[in-house]
Amino acid sequence: MNHTCNSNQEKLILAIETSCDETSVAVVRGGKHIVSNVVSSQIDIHERFGGVVPEIASRKHVESITLIIEQALKESGHELRDMSAVAVTQGPGLVGALLVGIVAAKSLALALDIPLIGTHHIAGHIYANELVHELRYPCLALVVSGGHTELVLLESEGSFRLIGRTRDDAVGEAYDKVARALKLPYPGGPHIDRLASEAETAIELPRAWLEEGSYDFSFSGLKSAVLAVINQTRMKGLDLDEAALARGFQESVIDVLTTKSLRAAKAYGAKQLLLCGGVAANRGLRAALAARCEEAGLPLLIPPGKLCTDNAAMIGAAAHLKLKRGIYSDLELKADPGLSLEQWSV
């Protein structure tokens, strides 16, 4: 039994992530140790369009995937023959972008005769925490990435139960739309965060609590409220205090996220709260959650910034859950933009 554990701890996974506009390849040992993690971002290409253009993203993945695989191997000091498995993001994501990674992963798995592990993108964001912290169960994950805002309960390792989700815009989408209305660059999150931190006052905006006891989220009404403030100010010929508006928007988002997360953590007896996804890099959100968790005596885990945004190391961490249980994908693996996190559970 111990021998299996030790061998699992030493096993190397070559992980590939191409779900959106980052091409990333990593080598991860034992699901917890990053040997190399190379990320090539396309943000500067998509910035001029104000969002990710799927066809351009796919083409860029095709152009760079082989080079990124070579670079990740070189930086790891290992060769392809040292790998125990190939992991790849199967979904959710942009179908064309996902396909590029999947074709590359299938080719490697077939050529090397090693297992292929189709991996859930959000499971990756959650298990990015295990690359820097020891997880204790049950724990609760607040997932805030581009198209996702979810509360996920992990009753045991690799078991995912969705207890709350957004009913319309995800937090990241709301940030981007508000940033666009304020004529700020894409992606909007970091710009709104910076602007909010410079404000001395906040324009009060509504909070969407939904029904009593609900852990779901809704941000489309808040986005509409922001647009209403902008339009009314312009119609009156007044100067808009953009910083105060950004702060009001951010405070509304943070208030709802932190309150619902803390309430759910208490209700389900969570031993830790995990913050995951690209929006986890938001300084306002991190500070507010840290303060609320400290008050409640609840440990808060947040990965470093480079592991919050899309990267392949997190995919390697999640894939290890399947590798050590011998659960593999076949070569019929298809890209699945609507892949269910709960069904992906081990």
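The values are calculated or read from the model by the stated rules, or taken from the named source; none is laboratory data. What you see is a predicted model; the values in this text were computed from it and never measured. Positions of Cβ are backbone-derived with ideal geometry, glycine not excepted, and every protein chain shown enters the neighbour counts.
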_Go through (1) among the small types (Gly, Ala, Ser); (2) part of a helix (DSSP H, G or I); (3) without any contact (Cβ under 8 Å) to a residue 60 or more places away in the chain for residue 326 and report which single condition fails._
(2)
*Residue check, residue 118 against (1) assigned by TED's automatic domain parsing to the domain that holds residue 250; (2) surrounded by 16 or more Cβ atoms within 10 Å (Cβ to Cβ); (3) of a type in the set (Gly, Ala, Ser), all met but one. Which one?*
(1)
*Could we say that residue 279 is free of Cβ contacts under 8 Å to residues at least 60 places away in the same chain and of a type in the set (Val, Ile, Thr) here?*
no
*Run down 198, 130, 150, 134 and say which single residue is modelled with pLDDT of 95 or more, of a type in the set (D, E, K, R), buried (at least 22 other Cβ atoms within 10 Å of the Cβ) and farther than 20 Å from residue 18 by Cα.*
150
*So which residues in region 158-188 are within 11 Å of residue 246 (Cβ to Cβ) and touching a residue at least 60 places away in the same chain (Cβ under 8 Å)?*
175, 178, 182
*Failed item in (1) outside any loop (DSSP other than H, G, I, E, B); (2) under 23 Å from the mean Cα position of the chain (by Cα); (3) surrounded by fewer than 22 Cβ atoms within 10 Å (Cβ to Cβ); (4) aliphatic (A, V, I, L, M), with residue 179 passing the rest*: (3)
